[in-house]
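The values are calculated or read from the model by the stated rules, or taken from the named source; none is laboratory data. The model shown is predicted, which means the values in this text are computed figures rather than measured ones. Neighbour counts run over all protein chains shown; Cβ positions are idealised from the backbone, glycine included.
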Amino acid sequence: MVVELFHGVRWLDVVIHRKLGFAYNAILGVGLIVEIIRHMHEAHRLRGTGTLQAILAIALFAFLLLHQLAELSEHVDRRFRKSARPTKASGG
């Protein structure tokens, strides 16, 4: 059952990525940056365990942002390789 869920989530991710392209990565990245900033402000106001929770949330969002940037890098590399490939019509 979990495997089917993962396949469904992957399928949905691919469909959204195909529809939105670069914008999908950009939207997710901007959302993560907004959340990091929000949690940084929250951590500044809190004391004790609330501060620790905010710091852990910031770390999680930073890791997610890193992952998202790596995905974006792969997307850009694929597009660059695809556009740099000679076509059969041009004699390549």
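Odds and ends about this structure:
Conditions (1) at pLDDT 90 or above; (2) acidic (Asp, Glu), marked per residue:
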position	(1), (2)
Gly31	yes, no
Phe63	yes, no
Glu71	no, yes
Arg81	no, no
Pro86	no, no
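- Of all residues in segment 65-75, those that are closer than 18 Å to Val14 by Cα and surrounded by 12 or more Cβ atoms within 10 Å (Cβ to Cβ) total 6.
- Here Ile55 does not fit the description of being in a helix (DSSP H, G or I), β-branched (Val, Ile, Thr) and at pLDDT 90 or above.
- Residue list for segment 34-47, filter: surrounded by fewer than 13 Cβ atoms within 10 Å (Cβ to Cβ) and either basic (Lys, Arg) or in contact with a Cys (Cβ under 8 Å, 6 or more places away or on another chain) (or both): Arg45, Arg47
- Only one of Gly31, Gly50 that is more than 13 Å from the chain's Cα centre (by Cα), surrounded by 10 or more Cβ atoms within 10 Å (Cβ to Cβ), assigned to a helix (DSSP H, G or I) and not aliphatic (A, V, I, L, M): Gly50
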